[in-house]
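Working notes for the structure below.
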Amino acid sequence: DVKVTQSSRYLVKRTGEKVFLECVQDMDHENMFWYRQDPGLGLRLIYFSYDVKMKEKGDIPEGYSVSREKKERFSLILESASTNQTSMYLCASSDSYSNQPQHFGDGTRLSIL
Amino acid sequence: QKEVEQNSGPLSVPEGAIASLNCTYSDRVSQSFFWYRQYSGKSPELIMSIYSNGDKEDGRFTAQLNKASQYVSLLIRDSQPSDSATYLCAVNEGYGGATNKLIFGTGTLLAVQP
């Protein structure tokens with residue numbers, strides 16, 4: 001089974017802080033994704049990576065950056081946290097063969113005070 | 001803007017009934033289609049994949065795909081209270097390819113009444 005592990009289930013930070021969310025997958029997947037999920041808005045793609053050190057912006061990249069130094073690890077960085085970044089953050093990974101599904105971690109519920 | 005549309009619900013069905021969840025998508029060239037189940041406060045869990053027109057059955061779940069109508073559905077037979085969750089429809093973006101980007105619907109909330 002695919003295992004995607006997010007470092008924290010719940011996280012509380014203050015506005016202006018730099019926040020790191022970590023995600024690790026154990027299936028040697030090339031593709032990794034970061035989403036946020038808000039009520040009524042569904043899943044929105046923030047960034048994705050298709051290889052080490054490669055990244056592409058998703059639909060809502062503003063205020064976020066990412067890092068992928070190793071294949072198994074994909075980090076999401078909130079450069080200066082703001083209250084409107086309070087959300088559920090979900091990491092996912094998928095194989096690079098066409099038409100493969102994504103597999104999700106347990107999510108991090110982030111509150112910015 | 002490529003879209004995946006789902007009725008937000010809630011869809012309420014009695015225990016033992018068939019629940020029918022529907023999804024339409026706008027990108028005519030999409031090749032792969034997925035259903036995820038998401039319990040409240042949890043992350044999405046893949047339950048079905050379908051790639052060809054017709055039906056695909058897995059236990060109590062049947063996925064149906066009609067590419068001409070750009071329509072995907074999920075049937076849950078003998079619905080149980082434990083099936084109560086939000087069901088997300090996801091469609092691959094474009095012709096597919098190595099990145100496997102998906103477009104997600106906002107989900108349908110299913111409530112199975114004991």
Does at least one position in the stretch A:33-52 carry a residue that is surrounded by fewer than 18 Cβ atoms within 10 Å (Cβ to Cβ) and in contact (Cβ under 8 Å) with a residue 40 or more places away in the chain?
yes
Could you count how many residues in the stretch A:72-99 are without any contact (Cβ under 8 Å) to a residue 40 or more places away in the chain and either of a type in the set (G, A, S) or within 7 Å of another protein chain (Cβ to nearest Cβ) (or both)?
2
Residues of the stretch B:36-70 that turn out to be more than 14 Å from every other protein chain (Cβ to nearest Cβ) and surrounded by fewer than 15 Cβ atoms within 10 Å (Cβ to Cβ), as a count:
9
All-but-one check, A:E69 against (1) farther than 12 Å from A:L110 by Cβ; (2) within 14 Å of chain B (Cβ to nearest Cβ); (3) surrounded by fewer than 13 Cβ atoms within 10 Å (Cβ to Cβ), failing number (2)
Looking only at the stretch A:66-93, count how many residues are farther than 27 Å from B:L46 by Cα and within 12 Å of the chain's Cα centre (by Cα).
1
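Each reported figure results from applying straightforward, stated rules to the coordinates on display, with no laboratory input. The model shown is predicted, which means the values in this text are computed figures rather than measured ones. Glycine also receives a Cβ, built like all others from the backbone with ideal geometry; neighbour counts cover every protein chain displayed.
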